[in-house]
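So the structure is just underneath, and the comments pick up after that.
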C-alpha cells in the first residue's frame, strides 16, 4: 500500500511518482473524466495528469481507506477540484483500483464507487 500512498501524494504535489510504475503501466480514468481514454506507459500517466491539470486549477485527493485484494489495492478517495475556466469548486468520492506486479503499479482504474472497484479486483465487501 505504501507505493499507492506515494503515488497519490505525488499527484497532490502536481507530479507522478515515476519509480512507482511499471514501464507498461495502463491508466484508465472514469468515463466521465475530462479526457476519458486509456493512457499507456509512464509518459502516458504523466500525460493523463497533465490533462487533469488542464481541466482543474486546483486538485486535491485524499485517501479515506485502503482495501487490499491480492495483487491489487483499492483506494477510496475524496477529491476536491476547481474548474480552470469556471473557477467552480467540485468535490466527491471515487474508488481507484491499483494492480501491482513485482512491487510496481501496472494498472490504475478509476471508478465512481467502492462496489465497482471491488468487483473489478475480484473482491466484495
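Hand me the list of strands (runs of 3 or more DSSP E) wholly inside the range 29-125 holding 1 or more residues that are under 18 Å from residue 4 (Cα atoms) and without any contact (Cβ under 8 Å) to a residue 24 or more places away in the chain.
Ranges flagged: 56-69, 72-83, 89-101.
So which residues in the range 1-28 are within 14 Å of residue 63 (Cβ to Cβ), in contact (Cβ under 8 Å) with a residue 40 or more places away in the chain and surrounded by 13 or more Cβ atoms within 10 Å (Cβ to Cβ), if there are any at all?
1, 3, 4, 5, 7, 8, 11
Across the range 56-78, what is the total count of residues that are surrounded by fewer than 16 Cβ atoms within 10 Å (Cβ to Cβ) and farther than 25 Å from residue 118 by Cβ?
2
Of everything in the range 1-19, what is within 13 Å of the chain's Cα centre (by Cα) and in a helix (DSSP H, G or I)? Give them in sequence order.
Once the filter is applied, which keeps residues that are within 13 Å of the chain's Cα centre (by Cα) and in a helix (DSSP H, G or I), the range 1-19 yields 3, 4, 5, 6, 7, 8, 9, 10, 11, 12.
FYI, it's all coordinate maths here, none of it is from the lab. Quick caveat, the model's predicted, so the values are computed rather than measured. Quick reminder, even Gly has a Cβ in these numbers, built from the backbone with ideal geometry, and neighbours come from all protein chains shown.
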